[in-house]
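*Asks:* Handing you this structure, nothing more for now.
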Amino acid sequence: MSVLREMLENLFSRPFTILYPKEKVPIPVGFRGKIAIVDEKCIGCSRCARVCPAECITMIPDETEIEVKGKKIVRKKRPVVKFFRCIRCGLCEQYCPSEAIIMKCQLSESGTDKEVLVQ
Amino acid sequence: MLMDPLLLAVYILIFPGFLFLLAYAFFLQYLDRKIAARMQQRVGPPLLQPFADFIKMLGKEVIDPAGVDRMAFDAAPVVALAAAMTAFLYIPVVGESPFAFQGDLVLVLYLLTLPTIALFLLGWLSRNVFSSVGGVRAVTMLFIYEVPFFLALLMPALMAGSWSISEIAAWQGKHTWFALFQPIGFVVGLIGLQAKLERQPFDIPEAETEIVAGPWTELTGRRLALMHLTMHVALVAGSGLIAALFLGGPLLPWTISPPWLSWIAGFAMFLGKTLAILLILASIKVAMGRIRIDQLNDIGWKYLASATILQVAIVLLMGSRGVGI
Amino acid sequence: MPQVILPIGPQHPALKEPVNFKVIVDGETIVGLELDVSYTHRGIEKAAEQRDFIRVVPLLERVCGICSHAHGTAFVMGIEEVMQLEIPPRAQYIRTIVAELERMHSHILWLGVAAHVVGFNTLFMWTWRDRETTQDLLEEMTGNRMNYGINEVGGVRRDLTPGQITSALSRLPKLEEQIAKYVDMVMNQETMLLRFRGIGKLSKAEALKYGTVGPTARASGVDYDIRRDDPYIAYSEIPWKVVTDTSGDVFGRTLVRIGELQESLGIIRYCLEHLPEGQIGVPAPKVAPVAEILSRYEAPRGELVHFIRTNNTDRVERIDIRTPTLANWTSVTVSLVNQNIADIPVIVAAIDPCLSCTSRITILSERGRKTAEMTWDQLSEYGRKSSRERDRC
Ligand code: SF4
Ligand code: SF4
């Protein structure tokens, strides 16, 4: 009987499905989504590359002057991420000292090319 | 009832014959899926989805399983479809069917059995373990539900004293619906129809989690499309049959003039009644899981068969008391 | 009738994951079963040996998609014990909340799959709809719907905010109501009763003999649950009870799982209401001393065991994962005997198998064309030989 009752209730209520591209799925704050690098904040410490379990972060030479807490320093390297190899574990974000590598509150796309880079 | 040849051709080909039949079959299929979806709180398909599926499948590559008899494999779905469509011609839609004759009930029942036989054949021809198991299950099931189903559907004939569907429908116009006279038969008929269409809880031959898709496994492209269409058409024919036999069909108890108005009213009755039957069938589908073939065997013979025999006894008793006949 | 061998798998629509069995049937009745679970060997244990303690946790979470928190927690608990870390209670409570949410989502998922296996797709849709609640909660608390990444050695990586706690608490009653409906449906839905009752019987003696764990064992009357018998994280502080059943069939397993759903909900509510204040982690040293440890965890499917050996470095020397499915598989071979072929999917699904997590060993022929078998003696001889070789160099 409970089956029948639930069936009838459902018949006259709105479907539960979210029709995705038309309606957006709500994404909670703190969602570990798409990975992004804030280039002007990175001090080139390589920590992210060391903790990444998927080993998808490589440090490439890039000599730039950046400003950290009012001081100007010259960084030697910056990270690039192989986008589709990232498993979105968030460890890089957690270990980065200057919030230069972050997981955005945004759904990560999928793809087939493992070599796509995020710079 | 004789008509002039042109009208007859229109009847067969356009309305309420094949063209209407196909359109209605797709529509019923859509409704069936939509109702099921909404009951499961899903969105369900858009209106043209069943039709789009059909067209898409027609365009798909046809794959012959190794060592299969291609001729027979191609022919079986066509025969099944032809049988189901022919059966519909004898179902009264807007009034009495122009093809009605004494005994068309038996012909329709026979024609509606053909799709199942075709499925069995397809399963057998596929040379695939799942298909042949499914095919065997399909016929086993046929033997179980067919007896009570036939008995239940023949009871109205007995009571109305005619073996023509249209006349049985007309008889109900003068008396009352057989659903009220013979509630057990009506229920058994609905259950039998559900089994005939292989819908839950009787989707044993195509049990997805056990035998892939049973006889359907090796069907591809137009064969699959035709077989699906057969099932859609059988749904229309079956529900039209039940509507005519138990719910009075499209015939009105009183006469309306002009005739075209009574035709429209009859057509509306037909639509309303088949939709109601579809709603019941869809609810059964949604509310149940699949039973095992041996359990169906138990249920079929123990309950369905004995219920029908009880119904037969009641009808005979009523007949001897002079009710009906 | 002669006995026929019916091959099922590795690819089969009834199985969501590849496993290979040969069913020996006599007509419609099953006489015996041969299993090959090593189709999806992924070398995950070896991969775990290559990563330090920070990087290995996300990997171990991916042993299983559904019990990902189970694997992560079992591992970090083991390492924390080796390092002799005192984990703050708040972290333990958060771990418990995630663990029980995971159990709920796993059991609801199972209920849906079980219904789908017997063709009752409606319940499948409904359960998966309601499972969204647990998924949303997990997503809000941990940042992801699967592979939560909440654990690290020393504590948890995210704290719960008061807002999250109230919003979670406000959504529990609805879930509770739905679970109560499932109880009603499972007890009264005729076709499910027909397909579940008396199917796949496993007596208590058999359940013990074949070493079953989790709901499979508890449905046969084995009163055994790691959460109570060897409490870890916060379970010793929370009031709850172990659900058991005595029928030992598929129906019993369903009842146990639904009962556990209700218990889990209680645990989550208790934890959210009594969440202690304080730190959510302690700093962990980089290396772990030489030790061997067996970490046990009650995953949704049963007892999960991680054997960990550390050797004074920042990574494990050896990790061995015994998933609950492996423990339950042998019981399937027994409970399938004398059943109808049509019941294979039901009985297999009843232990809630998680196959890809289970494969630990594959023996390949010379050129990798064929798999082979090894007896127990051969295997232990092989193990001794390779460890001698390793010690030599
Ligand atoms: S989130 Fe991606 S890039 Fe960052 S550590 Fe994890 S896998 Fe590496
Ligand atoms: S992104 Fe962060 S962790 Fe990585 S190199 Fe830059 S500052 Fe260091």
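The values are calculated or read from the model by the stated rules, or taken from the named source; none is laboratory data. All of these numbers come straight from a predicted model, not from anything done at the bench. We work out accessible area using only protein heavy atoms, side chains counted, and drop any ligands, DNA or RNA first. Shrake-Rupley method; radii C 1.70, N 1.55, O 1.52, S 1.80 Å.
*Asks:* How are the alpha carbon pair distances in chain B distributed across 10 Å bins from zero to the largest one, expressed in percent?
*Replies:* Final binned percentages: 6, 26, 34, 24, 9, 1, 0.
*Asks:* Leaving ligands and nucleic acids out of the surface, order B:Val129, C:Val118 by accessible area at 1.4 Å, largest first.
*Replies:* Descending order: B:Val129, C:Val118.
*Asks:* Now, a different point. With a 1.4 Å probe and all protein chains kept in place, how much accessible area does A:Ile87 have, in Å² rounded to the nearest 10?
*Replies:* 60 Å²
*Asks:* Going Cα to Cα from A:Lys76, which aspartates and glutamates come in below 14 Å? Please leave out same-chain ones fewer than 8 positions away.
*Replies:* Leaving aside aspartates and glutamates fewer than 8 places away in the same chain, those within reach of A:Lys76 are A:Asp39, A:Glu40, A:Asp62, A:Glu63, A:Glu65, A:Glu67.
*Asks:* Still on this structure, please answer the following. May I ask for the angle, rounded to the nearest 10°, between helix B:221-246 and the longest principal axis of chain B, with both axes built from Cα atoms and the value confined to 0 to 90°?
*Replies:* It works out to around 20 degrees.
*Asks:* Can you check what the Kirkwood hydrodynamic radius comes to for region B:172-314, Cα pairs only, in Å to one decimal?
*Replies:* Across region B:172-314, the inverse of the average 1/r is 17.1 Å.
*Asks:* Here is a follow-up. Nearest 10 degrees, 0 to 90: what angle lies between the long axis of helix B:18-39 and the longest principal axis of chain B (Cα atoms)?
*Replies:* 70 degrees
*Asks:* Right, something else. Starting from one equal scatterer on each C-alpha and no solvent at all, send me the Debye-based log10 I(q)/I(0) for chain C at q = 0.07, 0.11, 0.12, 0.14 Å⁻¹, two decimals.
*Replies:* -0.33, -0.82, -0.97, -1.28
*Asks:* Sticking with this structure for a sec: Quick one: which residues, 5 or more positions from C:Glu152 or on another chain, have an amide H under 5 Å from its amide H? H modelled 1.01 Å from N in the peptide plane, none for Pro or chain starts.
*Replies:* C:Arg157
*Asks:* A plus C alone minus the pair: what accessible area, both sides summed, probe 1.4 Å, in Å² to 100?
*Replies:* What A and C bury together is about 2200 Å².
*Asks:* What share of Cα pairs, in percent, lie more than 14 angstrom apart in region B:14-68?
*Replies:* Beyond 14 Å sits 65 percent of the P(r) for region B:14-68.
*Asks:* With every protein chain in place, what's the accessible area of A:Glu115 (1.4 Å probe, Å², nearest 10)?
*Replies:* Answer for A:Glu115: close to 100 Å² accessible.
*Asks:* Helix A:2-11: angle to the longest alpha-carbon principal axis of chain A, degrees 0 to 90, nearest 10?
*Replies:* That works out to roughly 70 degrees.
*Asks:* Show A:Tyr20, B:Tyr90, C:Tyr382 ordered by accessible area, largest first, where the area counts protein heavy atoms only and the probe is 1.4 Å.
*Replies:* In descending accessible area the options line up as C:Tyr382, A:Tyr20, B:Tyr90.
*Asks:* Still on this structure: Using a 1.4 Å probe and counting only protein heavy atoms, how much accessible surface gets buried when B and A come together, both sides summed, in Å² to the nearest 100?
*Replies:* Summing both sides, the interface buries roughly 900 Å².
*Asks:* Can you sort C:Thr133, C:Thr375 by solvent-accessible area, 1.4 Å probe, largest first?
*Replies:* C:Thr375, C:Thr133
*Asks:* Next question. Computing the accessible area with a 1.4 Å probe over protein heavy atoms, can you report the carbon and sulfur percentage for the protein assembly as shown?
*Replies:* Carbon and sulfur atoms account for 61 percent of the accessible area of the protein assembly as shown.
*Asks:* Pick from B:Ala66, B:Ala282, B:Ala75: which is most flexible by mean-square fluctuation in a GNM of chain B where alpha carbon atoms under 10 Å apart are linked?
*Replies:* In this elastic network of chain B, the residue with the biggest mean-square fluctuation among B:Ala66, B:Ala282, B:Ala75 is B:Ala66.
*Asks:* With no solvent and one point per C-alpha, what does the Debye sum give as log10 I(q)/I(0) for region C:1-120 at q = 0.12, 0.15, 0.23 Å⁻¹?
*Replies:* At q = 0.12, 0.15, 0.23 Å⁻¹ the computed log10 ratios are -0.69, -0.91, -1.30.
*Asks:* Just how much of C:Lys16 is accessible, in Å², when a 1.4 Å probe is used and the result is rounded to the nearest 10?
*Replies:* 130 Å²
*Asks:* Then there's this: Over all directions, what mean area does the Cα convex hull of region C:60-118 project, stated in square nanometres?
*Replies:* Answer in nm², one decimal: 4.4.
*Asks:* Continuing with this model, one more query. Given contacts defined as C-alpha pairs under 8 Å and at least six residues apart, what's the relative contact order of region B:164-292, whole-number percent?
*Replies:* Rounded, it is 37 percent for region B:164-292.
*Asks:* At a threshold of 8 angstrom on Cα-Cα distance, excluding pairs fewer than six apart, so keeping six or more, what relative contact order does chain C reach in percent?
*Replies:* Relative contact order, chain C: 24 percent.
*Asks:* Summing both sides, how much accessible area is buried between C and B? Use a 1.4 Å probe and give Å² to the nearest 100.
*Replies:* About 2000 Å² of accessible surface is lost on pairing.
*Asks:* Also, I was wondering about something else. To make sure I understand the rule: partners must be lysines, Cα under 25 Å from the Cα of A:Lys72, and not fewer than 8 residues away in the same chain. Which ones qualify?
*Replies:* Here the lysines satisfying the reach criterion relative to A:Lys72 are A:Lys41.
*Asks:* Can I ask one more? Averaged per residue, what accessible surface does the protein assembly as shown expose to a 1.4 Å probe, in Å²?
*Replies:* Result: 43 Å² of accessible area for each residue.
*Asks:* If you bin every alpha carbon distance in chain A into 10 Å steps from zero, what whole percent lands in each bin?
*Replies:* Spelled out per bin, shortest first, that is 12, 33, 23, 13, 9, 6, 3, 0.
*Asks:* If only Cα atoms are counted, what is the Rg of the protein assembly as shown, and what is its Dmax, in Å?
*Replies:* 32.1, 109
*Asks:* So which lysines pass the test for B:Lys174, namely a Cα distance under 28 Å, with those fewer than 8 places away in the same chain ruled out?
*Replies:* Of all the lysines, those that pass the test against B:Lys174 - Cα under 28 Å, at least 8 places apart if same chain - are B:Lys273.
*Asks:* If you wrap a convex hull around the Cα atoms of region B:1-104, how much volume per residue is inside, in Å³?
*Replies:* Here the figure is 175 Å³ per residue.
*Asks:* At 222 nm, what helix-only mean residue ellipticity would chain B give, in deg cm²/dmol to the nearest 500, using -39500 (n - 2.57) for each DSSP H run of four or more?
*Replies:* -23000 deg cm²/dmol
*Asks:* Which residue fluctuates the most in chain C, going by a Gaussian network model with Cα springs under 10 Å, if the choices are C:Leu261, C:Leu85, C:Leu202?
*Replies:* Ranking C:Leu261, C:Leu85, C:Leu202 by mean-square fluctuation puts C:Leu85 first.
*Asks:* Next question. Hey, in the GNM for chain A with a 10 angstrom Cα cutoff, which one of A:Ile43, A:Ile57, A:Ile27 fluctuates hardest?
*Replies:* Looking only at A:Ile43, A:Ile57, A:Ile27, the biggest GNM fluctuation is shown by A:Ile27.
*Asks:* Helix-only estimate, please: 222 nm mean residue ellipticity of chain C, summing -39500 (n - 2.57) across DSSP H runs of length 4 or more and dividing by its residues, to the nearest 500.
*Replies:* Here the helix-only value at 222 nm equals -15500 deg cm²/dmol.
*Asks:* Put simply, what bits of region C:48-62 lose 40 Å² or more of accessible area when the other protein chains are there, versus the chain on its own (1.4 Å probe)?
*Replies:* C:Ile54, C:Arg55, C:Pro58, C:Arg62
*Asks:* Structure shown: which of C:Lys22/C:Lys370; A:Lys22/A:Lys114; C:Lys22/C:Lys209; C:Lys16/C:Lys204; B:Lys34/C:Lys181; C:Lys16/C:Lys241 lie over 21 Å apart, alpha-carbon to alpha-carbon?
*Replies:* Checking Cα-Cα distances, A:Lys22/A:Lys114; C:Lys22/C:Lys209; C:Lys16/C:Lys204; B:Lys34/C:Lys181; C:Lys16/C:Lys241 exceed 21 Å.
*Asks:* Under the definition of Cα pairs under 8 Å and six or more residues apart, what whole-number percent is the relative contact order of region C:168-244?
*Replies:* 19 percent
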